[in-house]
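Novice: Pasting a structure below so you can have a look.
The values are calculated or read from the model by the stated rules, or taken from the named source; none is laboratory data. Because the structure is predicted, anything quoted here is derived from the model rather than measured. Cβ atoms come from the backbone with ideal geometry, glycine included; neighbour counts cover every protein chain shown.
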Amino acid sequence: MIEAPLATGWTDKDFIGLANWGPEEAKAFLQHALQLKADKAEWVKKAPLQGKNLGMIFDKPSTRTRISFEVGMAQLGGHALNLHRHELQLGRGETIEDTARVLSRYVDAILIRTHSHDLVTQLAEAADVPVINGLTEREHPCQALADIMTLAECKGELAGRICCYVGDGNNVLHSLMHIAALTGMHLSISTPKGYEPSPAIWQEAEAIARVTGSTFSFSYDPVQAVKDADAVYTDVWASMGQEEEKEQRAQAFAGYQVNQELMSHAKPDAIFMHCLPAYRGLEVSADVIDGPQSVVFQQAENRLHAQQALLLGLLLS
């Protein structure tokens, strides 16, 4: 069996973010995930997670996170339980610490997709089993793992590649900053004023970049930011929980749509990336996301393979 690298995040046993990873860990993870994808039939036969159970707590709707983890566990011989807050005693006021202690006696790992990043860290501190951050308002590290898989498949060696992110300085960008720094990429960022990424995340990413040689740049001008990019990445302008800001954000982001004109300033063979769901006509034009440069569905598929590599690292190490 291929040896699974230990996947650590904010604590020794959990995957809550990427700031505590090192470049060698990111490299080992990427190699493992790509090999797992290539040898999927063999992994399925071996059923390495037989007898393992994953408890999944969802405070937010989910397509890719829920399905990739649920199918990922099933393919590797394990089982996933889909739990909603209102179906648990959390909905009646049971503490997150008590929930963590109880679930630790039933399952081998816990996935949580929620609003508060602090809630995830509290869960991890109280749990005796690995805790996985399936998304918070601060970070989306599972998405970043699929992103580097896709970039590596499309562009080969990541060090020195230019990835440009255009749009909202949100959780997806934050995790992209971490993983870009870990893999030696140059990340060019363009957001409207008032929607910049977190200064704390920027500091974390730059601390990693000083080790790897990765660089970061920022411009309010998306045309300047996208120049010579190997990949152009965007996300929705209004994330879950920001629906009331939709009209305000549509006005603020009006000049930040990724369309054919903007893509023309990137390298001719640049790829287009989006974590999905996407809203054609807003953050991206239909002819870009449905065009030949788009790899968004390859990205979505890689959520499955990346999640499986993460699970193997956490549950078998």
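Novice: Mind checking which residues of region 182-200 are buried (at least 17 other Cβ atoms within 10 Å of the Cβ) and outside any loop (DSSP other than H, G, I, E, B)?
Specialist: LEU182, THR183, HIS186, LEU187, SER188, ILE189, SER190
Novice: Assess whether LYS52 counts as being at pLDDT 95 or above, farther than 20 Å from ILE110 by Cα and either surrounded by 18 or more Cβ atoms within 10 Å (Cβ to Cβ) or out of contact with any Ser or Thr (no Cβ under 8 Å at 6 or more places or on another chain) (or both).
Specialist: On the way: at pLDDT 95 or above: yes; farther than 20 Å from ILE110 by Cα: no; either surrounded by 18 or more Cβ atoms within 10 Å (Cβ to Cβ) or out of contact with any Ser or Thr (no Cβ under 8 Å at 6 or more places or on another chain) (or both): yes.
For LYS52, the condition - at pLDDT 95 or above, farther than 20 Å from ILE110 by Cα and either surrounded by 18 or more Cβ atoms within 10 Å (Cβ to Cβ) or out of contact with any Ser or Thr (no Cβ under 8 Å at 6 or more places or on another chain) (or both) - is not met.
Novice: Got a sec? Which of ASP98, ASP118, ASP108 is closer than 30 Å to GLN298 by Cβ and acidic (Asp, Glu)?
Specialist: On the way: ASP98 fails: closer than 30 Å to GLN298 by Cβ; ASP118 fails: closer than 30 Å to GLN298 by Cβ.
ASP108 is the lone residue from the list that is closer than 30 Å to GLN298 by Cβ and acidic (Asp, Glu).
Novice: Output the residues belonging to region 202-219 that are in contact with a strand residue (DSSP E or B) (Cβ under 8 Å, 6 or more places away or on another chain) and assigned to a loop (DSSP other than H, G, I, E, B).
Specialist: First pass over region 202-219, keeping only residues in contact with a strand residue (DSSP E or B) (Cβ under 8 Å, 6 or more places away or on another chain): 202, 205-206, 209, 214-219.
Answer for region 202-219, where residues must be in contact with a strand residue (DSSP E or B) (Cβ under 8 Å, 6 or more places away or on another chain) and assigned to a loop (DSSP other than H, G, I, E, B): SER214, SER219.
Novice: Tell me, which residue of region 241-258 that is surrounded by 15 or more Cβ atoms within 10 Å (Cβ to Cβ) and of a type outside the set (Gly, Ala, Ser) is nearest to LYS60 (Cα to Cα)? Give the derivation first.
Specialist: Initially, region 241-258 is screened for residues surrounded by 15 or more Cβ atoms within 10 Å (Cβ to Cβ), giving 242, 249, 252-253, 256-258.
So of that shortlist, the ones also of a type outside the set (Gly, Ala, Ser) come out as 242, 249, 253, 256-258.
Working: GLN242: 13, ARG249: 21, PHE253: 24, TYR256: 26, GLN257: 26, VAL258: 27 Å.
Per the criteria, the residue is GLN242.
Novice: For the condition over 24 Å from LEU304 (Cβ atoms), outside the structural domain of LYS227 (by TED's automatic domain parsing) and modelled with pLDDT of 95 or more, what is the one hit in ASP128, ASP108? Show your work before the answer.
Specialist: On the way: ASP108 fails: over 24 Å from LEU304 (Cβ atoms).
Sole residue among the options that is over 24 Å from LEU304 (Cβ atoms), outside the structural domain of LYS227 (by TED's automatic domain parsing) and modelled with pLDDT of 95 or more: ASP128.
Novice: Working only within region 77-105, note down all residues that are modelled with pLDDT of 85 or more and touching an Asp or Glu at 6+ places or on another chain (Cβ under 7 Å).
Specialist: Selection gives ALA80, ASN82, SER104.
Novice: Given the criteria under 16 Å from TYR233 (Cα atoms), among the hydroxyl-bearing types (Ser, Thr, Tyr) and in contact with a strand residue (DSSP E or B) (Cβ under 7 Å, 6 or more places away or on another chain), does SER175 qualify?
Specialist: Criteria not met by SER175.
Novice: So, one more: Looking at this structure, is SER264 exposed (fewer than 15 other Cβ atoms within 10 Å of the Cβ) and either outside the structural domain of VAL172 (by TED's automatic domain parsing) or among the hydroxyl-bearing types (Ser, Thr, Tyr) (or both)? Steps first, please.
Specialist: Working: exposed (fewer than 15 other Cβ atoms within 10 Å of the Cβ): yes; either outside the structural domain of VAL172 (by TED's automatic domain parsing) or among the hydroxyl-bearing types (Ser, Thr, Tyr) (or both): yes.
Yes: the conditions hold for SER264.
Novice: Given the criteria at pLDDT 95 or above, in contact with a strand residue (DSSP E or B) (Cβ under 7 Å, 6 or more places away or on another chain) and hydroxyl-bearing (Ser, Thr, Tyr), does SER264 qualify? Give the derivation first.
Specialist: On the way: at pLDDT 95 or above: yes; in contact with a strand residue (DSSP E or B) (Cβ under 7 Å, 6 or more places away or on another chain): no; hydroxyl-bearing (Ser, Thr, Tyr): yes.
So SER264 does not fit the description; no.
Novice: If I ask for residues that are in contact (Cβ under 8 Å) with a residue 24 or more places away in the chain and of a type in the set (Asp, Glu), which ones from region 31-66 would you list?
Specialist: Matches in region 31-66: ASP39, ASP59.
Novice: I've got another one for you. In region 1-21, what residues are at pLDDT 95 or above and either farther than 25 Å from GLY156 by Cα or exposed (fewer than 14 other Cβ atoms within 10 Å of the Cβ) (or both)?
Specialist: Residues satisfying the conditions are ASP14, PHE15, ILE16.
Novice: Further question: Conditions: (1) touching a Leu at 6+ places or on another chain (Cβ under 9 Å); (2) farther than 23 Å from PHE58 by Cα; (3) part of a loop (DSSP other than H, G, I, E, B). TRP237 meets all but one. Number of the miss?
Specialist: The single condition TRP237 does not satisfy is (2).
Novice: Would a scan of region 220-232 turn up a residue that is under 22 Å from VAL258 (Cα atoms), in a helix (DSSP H, G or I), out of contact with any Asp or Glu (no Cβ under 7 Å at 6 or more places or on another chain) and not hydrophobic (A, V, I, L, M, F, W, C)?
Specialist: So the first thing to find is which residues in region 220-232 are under 22 Å from VAL258 (Cα atoms), and the list is 220-232.
From what's left, in a helix (DSSP H, G or I): 222-226.
Narrowing further to those that are out of contact with any Asp or Glu (no Cβ under 7 Å at 6 or more places or on another chain): 222-226.
Then drop every residue that is not not hydrophobic (A, V, I, L, M, F, W, C), which leaves 222, 224.
Within region 220-232, one or more residues are under 22 Å from VAL258 (Cα atoms), in a helix (DSSP H, G or I), out of contact with any Asp or Glu (no Cβ under 7 Å at 6 or more places or on another chain) and not hydrophobic (A, V, I, L, M, F, W, C).
Novice: Determine which member of the set ASP269, ASP235, ASP228 is modelled with pLDDT of 95 or more and within 23 Å of GLY281 (Cβ to Cβ).
Specialist: Going through ASP269, ASP235, ASP228 in turn, the sole match is ASP235.
Novice: What number of residues within region 298-309 satisfy the criterion of being over 14 Å from TRP43 (Cα atoms) and among the aliphatic types (A, V, I, L, M)?
Specialist: Residues flagged as over 14 Å from TRP43 (Cα atoms) and among the aliphatic types (A, V, I, L, M) within region 298-309 amount to 1.
Novice: With region 249-317 as the region, which helices (runs of 4 or more DSSP H) entirely inside it contain at least 3 residues that are under 22 Å from the mean Cα position of the chain (by Cα) and within 26 Å of LEU34 (Cα to Cα)?
Specialist: Values: elements: 260-263, 286-289, 296-316.
Filter on region 249-317 gives 296-316.
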